[in-house]
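Working notes, beginning with the structure itself.
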Amino acid sequence: MEKVPRVGVGVVIIKDGKVLLGKRKNSHGTGSWCPPGGHLEFMETIEACASRETMEETGVKIKNIKKPVFTEDFFIEEDKHYITMLVTAEWDAVEPEVKELEKCERWAWFDWSDLPSPLFLPLQNHIDKGYHPFT
C-alpha cells in the first residue's frame, strides 16, 4: 500500500471566551487534547467537513466558520503524515457530549490562556506557528 499524506480538519469552537477540546483515546495522539475534527472526505469542502465532524463527535452546532490555516504534521511513532486544516468557528447551539465513546474520553471548555496538556500535535504545531483563535 502506498503511503500518502491524509487531510485532517480541526475545529476550534469559541463560546463565551473559551474553546472546546476533547481528550483523545484509541488513536494516534491518545491522551492528548484536541478540538473536534476528522478526515476530509472526497469532494467535501473544509467548511462542510468542519460542521459534519463537529456534529458527529459532539452534537454541537457551529456558525461563522473562518478561513482555515494549515500545518504539516508528522507522527513519527505512528508512521503517519497529515496536512491539518484548522478552522475557527463560533458555538451556535447544543452543549457538547461524547458521541464517539471509543475515540474521546470527554469534552470540556478551556480558557485559551490555560489549555490542558498535552495538546494534540497538530494543535500544538498551529500554536507554535502563531495561531490564536481570538485574533
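Some points to look at:
- The chain: mean projected area of Cα convex hull, nm²: 8.1
- The H on the amide N of K25, modeled in the peptide plane, is under 5 Å from the matching H of G31, C104, E105, each at least 5 residues off or on a different chain.
- Helix 46-58 and the long axis of the chain differ in direction by around 70°, with both axes built from C-alpha atoms.
- Spacing of the two label points (7 Å from each Cα toward its C-beta) at E97 and Y131, in nm: 2.8
- Entries of K3/K66; K3/K67; K66/K129; K66/K103 with Cα pairs more than 21 Å apart: K3/K66; K3/K67; K66/K103
- Cβ-defined net charge surrounding E90, 15 Å radius [Lys, Arg +1; Asp, Glu -1]: +2
- Here the Karplus curve 6.51 cos²θ - 1.76 cosθ + 1.60, taken at θ = phi - 60°, turns the phi angles of the range 32-42 into couplings of 9, 9, 8, x, x, x, x, 7, 6, 8, 4 Hz, with x standing for Gly and Pro.
- The chain, relative contact order in percent, only Cα pairs under 8 angstrom and at least six apart counted: 33
- Note on E2 and K25: the extension gain reaches 5.7 nm, defined as 0.36 nm multiplied by sequence separation minus the Cα-Cα distance.
- Computed from label points 7 Å out along Cα-Cβ, the spacing between W112 and K67 is 1.8 nm.
- Using the Cβ-Cβ distance between H81 and K18 with R0 set to 25 Å, the FRET efficiency from 1/(1 + (r/R0)^6) comes to roughly 0.20.
We did not get these values from a lab; they are worked out from the coordinates using the rules stated. In this text, all values refer to a predicted model and were calculated from it rather than measured experimentally. Because the Cβ atoms are built from the backbone with ideal geometry, glycine has one as well, and the counts that use them run over all protein chains shown.
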